[in-house]
Every structure is written in C-alpha cells, then in structure tokens.
Amino acid sequence: MFGIIIIIILHFLRQKINKNSLFSEKTLCRYDRTGIMRLINAIKMLMKEHGWFCAGLFLMAVGISFSKHMPVHSSSAVIFFGFAVSIFPCIAESSKVEQSRTDSNNSQLPSLKFAVQKLYKEKQMLSDQVDELSAVREVSLAVGAILDFSEMIRAILDLVTTNYGISKALIYLQSDDEMWYEIVGAKANGKDISPARVLQKRIKIGEGLVGKSALERRKIFEIRDGKGTVAALPLLAKNRVVGVLKLFDPDSNVLNAEKCRKLHAVAGAIGIALENSRLYRMAVTDHLTGLYVRRHFERRLEEEFKRSMRYRTALSLLMVDIDHFKKVNDTYGHPTGDVVLKNVSAIIIEESRGTDIPCRYGGEEITVICPEADLSGAFRIASRIRERIESYNFKYGDLPDEILKVTVSIGISTVKSEMKTRKELIEETDKALYEAKRSGRNQVIVSESAKCNSAVVA
C-alpha cells in the first residue's frame, strides 16, 4: 500500500514538474547560477514546510521527468543526478542552519518578553518621577515666594486639601526646645480651623503618629478599619525635621498609598519653604514679643502708604503704649515686665486682622498698620485690644492669686490726601497717643487732624 501511495505521489509531482519550465531539461542544462539557485530555493522551501521526505520525492519526480525525455546514461541525466547528489548535503546543512536559527529565536522569546516587561516598568517609574517633579515644582511656585509665616501656612493647607482632595490637614512645627511639635495651622472640609480648637496642640517627639514620624524621619501611613486613612509626613530642611504634616480622610480611596507617596515627595519642598519663612521671621520679628521689628515697620508702612496714595484706599495706624510700664518693672522686676510685654503683644496679635501688621516700635510702644481700614474700622480694632488687655489677669508669681492688672493707651490716625510722606502719618498718630495718655490713660483717641475728635474712656 505504501508503495502505491509513493507511485501516485511521484506521478502527480512529475505532471506538475513537466508543466513547469523551471525544471525542464533545457533549463537545468543551462548550468547558469540563477537556475541552480532557483532550484535550491525550491528544494529548501519544501524541506522547511514539509520535511526531508517531500524534498526527496520532489527530486525523484524531477529525475523521472527527465528520464522520460532522455536515457539515464545520457550526459544530461548524469549531470542532473550528480547535481542532486552533490547539492543534497548543502541543502541539508542549510536546513540545519535555518532550524538552528528558528530554535535560537524561540529560545530568546522569554528573554525578549522579560526585557519588554522591564522597559515598561522603567517607563512607568520615569513617568512617576516626572509627576513627582511636576508636583514639587507646583508646590515651590505656590509657596516658595511667600515669606509671611501665616500666609504660607494657609497656602500649604489650601494646596494639600484642594489640589489633592484631602479632607483634613494639620501642620505641626518644632518648638524652640526641639522636643515638642506645636500646631500652627489646620484645615478641615474646606474651612480653616483655629489651632486653639485642635485637641492635640503639642506633641512630644516620639509620641503618637506625629511624634513618631518626627523621631524616625519617615512617612507613616495607616488604614483604620471603617475610620478612613491617616498619614504623617516629616517636613525636612537642612537635614532637620522642622515640622510634620498630618493628613486624614474618611475615604481610604482618596488618601491611598499612591497619593501619600506623592505628598511625601512634595513634603521636602514644603519643609524648605517653612524653613525659609522661619529664617525670614527671625530676621524681621522681635524674639520676646513675636512682633515685627522697627525696620520691618518702616518698610511696610512705606509700601502701604504709597499704595494708599496711589489707589486712594484707606490706611490707618494704631500706636499702643502700656500704661505705667516703668512702674511695673520697678515694682515687680524686669522678668515680670517681660511677661507683661509678651502677653500684651500676644493679645494685640490675636485681636488684629489677618492683614494687619503689628510691630514693636520701641520699648513698650507697639504699632499696628491697618491696610484698607478707615477710622471707624481702626477704632473697633483698638477698642477690642484695650478692652481685652484691661480684663486680662497677668501672672507675676508662682501662686494663683499673684496677678497684675495692666491697661493701655491707644492713638489712631489715618492717611489723608494732603499727606506727603509716611512720617506725617506717624506724627499724627503719636500726637493722638500723647493725648490719650495726657487725658488719663486707658483710652482710645483719634487724631485731631483726621477731623474726628472723639475719645472713649473706659
């Protein structure tokens, strides 16, 4: 049966070859390179697609086809069979090379797949790094140019809660003794929160989430079952943890590990901005009172005076003096005087608006620059300050009943169109303060030249 199948196949192949001029005696006997190479390629294709068996049948069919037209002992037949015998090893070797290449390519597929996966991961890493750098640049542009401390804290909280969609953000900064971190700003659900309303106002280093993050100098990320996600990010500058950013969101999908990683990348820029603000604040604020220094007062008053004159906006100036302050120092000592001055300054800062600029003018005299505040607005601010200080109990000893009562006198003036320099505004305000002290102290007096001669006596 196998022999019959072979004969049928050979007969079929011979008919195909007879119809193809490529394998005619005339073509093969030309001995040119083109004809031989075409024959070799045909045999190689058969070997590649159908194996050695079909290639052998093909050569046999070609031989039979030739034998029909010429005797086996003819020169053409001898040439053909000689060619077949000599070319077969070459074809076989070529086939082995092709197979080796195929096997080699197949063996390299896993390596190529691994290389592609590695390239994809590297591309993803580069994309993440670009996102992080973009975020750092965004933070640097948003807060890098801000030097005012309060304004910077607000800008950082706005950026974190708005740009990253975090529900609640708090900023803790390192205290002077470097062992505690104190709350300086907070924001929740789009609203600013007074630090006084935050439960954890001071956190010792190493304690709680904030203290642990500061001590270990690393970000801490916790998912609390059914209670959302909380994170603490150290704010570093000059290899020092200047503060900690605490974040919370009730939705764990909002404050997730990926977003925490991105925020940790920008925490460095925030830390540097806060450190720059701290250094600037040290240069322009009085260490004892926390008020701006005289030099800063002169510069800011000049700026606000020019702006007021140019745009015809209101500008008022308050000058505050602690009544009988020399007597306090002489009676209770200078340490007590420092406590009084510090507490009075704190009250003035608290009762002033966010846009006001409280400064230590000299000794126990304090000024408050009030941009865009007319006389009535400035009078309300001054009255709040006077009333708050009058009702405050100043401690001067270790016992609870050792308290001291202090009052202040305040003069007010405002910019008028006929004024030429800021010095005129200072002189008018100083005259109003002198009148308040001359009239009995513990008063708020508006300058005569402001065409508002009114006095409020406590």
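The values are calculated or read from the model by the stated rules, or taken from the named source; none is laboratory data. All values reported here derive from a predicted model rather than from experimental measurement. Please note: Cβ atoms are built from the backbone with ideal geometry, for glycine as well, and neighbour counts cover all protein chains shown.
Does region 277-296 contain any residue that is in a loop (DSSP other than H, G, I, E, B) and under 21 Å from THR429 (Cα atoms)? Yes: one or more hits. Per the listing ARG299, ARG310, the residue uniquely among the basic types (Lys, Arg), over 27 Å from ALA346 (Cα atoms) and free of Cβ contacts under 8 Å to residues at least 12 places away in the same chain is ARG310.
Taking the condition over 22 Å from SER175 (Cβ atoms), more than 22 Å from the chain's Cα centre (by Cα) and not charged (D, E, K, R), does ALA265 pass? When the stated conditions are applied, ALA265 does not pass them.
Among the residues of region 365-382, those that are over 12 Å from VAL320 (Cβ atoms) and either outside the structural domain of ASP323 (by TED's automatic domain parsing) or of a type outside the set (A, V, I, L, M, F, W, C) (or both) comprise PRO371, GLU372, ASP374, SER376, GLY377, ARG380.
For (1) of a type in the set (Gly, Ala, Ser); (2) surrounded by fewer than 24 Cβ atoms within 10 Å (Cβ to Cβ); (3) assigned to a strand (DSSP E or B), each residue gets a yes or a no:
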position	(1), (2), (3)
GLY226	yes, yes, no
VAL230	no, yes, yes
LEU235	no, no, yes
VAL241	no, yes, yes
PHE248	no, yes, yes
ASN253	no, yes, no
CYS260	no, yes, no
VAL266	no, no, no
ILE270	no, no, no
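When each of ILE171, ILE166, ILE146 is tested for being more than 24 Å from ILE357 (Cβ to Cβ), of a type outside the set (Asp, Glu), outside any helix (DSSP H, G or I) and modelled with pLDDT of 70 or more, the lone residue that passes is ILE166.
Yes or no, residue by residue, for (1) in contact with a strand residue (DSSP E or B) (Cβ under 6 Å, 6 or more places away or on another chain); (2) without any contact (Cβ under 8 Å) to a residue 12 or more places away in the chain; (3) under 15 Å from LEU317 (Cβ atoms):
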residue	(1), (2), (3)
GLY363	no, no, no
ALA373	yes, no, yes
ILE385	no, no, yes
ASN393	yes, no, no
TYR396	yes, no, no
ILE412	yes, no, yes
ALA432	yes, no, yes
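Of all residue pairs spaced 6 or more apart or on separate chains, those with beta-carbon atoms under 6 Å, a first member in region 179-191 that is within 15 Å of VAL244 (Cβ to Cβ) and a second member that is among the basic types (Lys, Arg) and surrounded by fewer than 18 Cβ atoms within 10 Å (Cβ to Cβ) are TRP180/ARG202; TRP180/LYS204; GLU182/ARG202; ILE183/LYS201.
The rows are residues; the columns are (1) under 30 Å from ALA378 (Cβ atoms); (2) among the hydrophobic types (A, V, I, L, M, F, W, C); (3) surrounded by fewer than 20 Cβ atoms within 10 Å (Cβ to Cβ); (4) not assigned by TED's automatic domain parsing to the domain that holds GLU424.
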residue	(1), (2), (3), (4)
ARG218	no, no, yes, yes
ALA257	no, yes, yes, yes
ASN276	no, no, yes, yes
ARG310	yes, no, yes, no
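If the condition is being more than 25 Å from VAL284 (Cβ to Cβ), surrounded by 13 or more Cβ atoms within 10 Å (Cβ to Cβ) and of a type outside the set (Phe, Trp, Tyr), then region 325-375 contributes VAL328, ASN329, THR336, ASP374, LEU375. Only one entry in SER391, SER413, SER383, SER409 is touching a Lys or Arg at 6+ places or on another chain (Cβ under 6 Å) and modelled with pLDDT of 95 or more, namely SER409.
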